[in-house]
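For reference, the structure is listed below as structure tokens.
The values are calculated or read from the model by the stated rules, or taken from the named source; none is laboratory data. Just so it is clear, the structure is predicted and the values come from calculations on it, not from any experiment. Neighbour counts are summed over all protein chains in view; Cβ atoms, including those assigned to glycine, are modelled from backbone coordinates with ideal geometry. Protein only, heavy atoms only, side chains kept; ligands, DNA and RNA dropped before computing areas. Shrake-Rupley method; radii C 1.70, N 1.55, O 1.52, S 1.80 Å.
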Amino acid sequence: NKAVQVDAVATSLNSNECFLLQSGSSVFAWNGNQCSVEQQQLAAKLAEFLKPGVTIKHAKEGTESSTFWHA
């Protein structure tokens, strides 16, 4: 597994991956339908590394909130 920074646009999302999106004090963890549990765990660890103590808002592919898309 690896982490790479991509543009914060919908076309960057990939069903095989997990993504972190930081917007102000919020951090979203977007999980594609095909991403593994290991990838999800890595995304959570990276979020904690980048913003210690942050509460992660989870967004599963196809069930994203309007808050996620607005960010």
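Couple of notes before you dig in:
- Fully extended contour minus Cα-Cα distance, from Val37 to Thr55, at 0.36 nm per residue: 4.6 nm
- From the coordinates shown, P(r) over Cα pairs in 5 Å bins from 0, in percent corresponds to which of [x] 3, 13, 17, 14, 12, 12, 10, 7, 6, 5, 1; [y] 3, 17, 32, 28, 17, 3; [z] 4, 19, 27, 21, 15, 9, 4, 1: [y]
- Inter-site label distance for Asn16 and Glu48 at 7 Å from Cα along Cβ, in nm: 2.8
- 5 angstrom amide H check on His58, placed H, neighbours 5+ away: Ala29
- Taking N as the residue count of segment 17-57, its C-alpha radius of gyration divided by 2.2 N^0.38 Å amounts to 1.08.
- Note on Gln5 and Trp69: the extension gain reaches 21.2 nm, defined as 0.36 nm multiplied by sequence separation minus the Cα-Cα distance.
- The calculated 222 nm mean residue ellipticity attributable to helices in the chain amounts to -7500 deg cm²/dmol, summing -39500 (n - 2.57) over DSSP H runs of n ≥ 4 and dividing by all residues.
- When the solvent-accessible area of the chain is split by element, carbon and sulfur atoms take up 50 percent of it, the probe being 1.4 Å.
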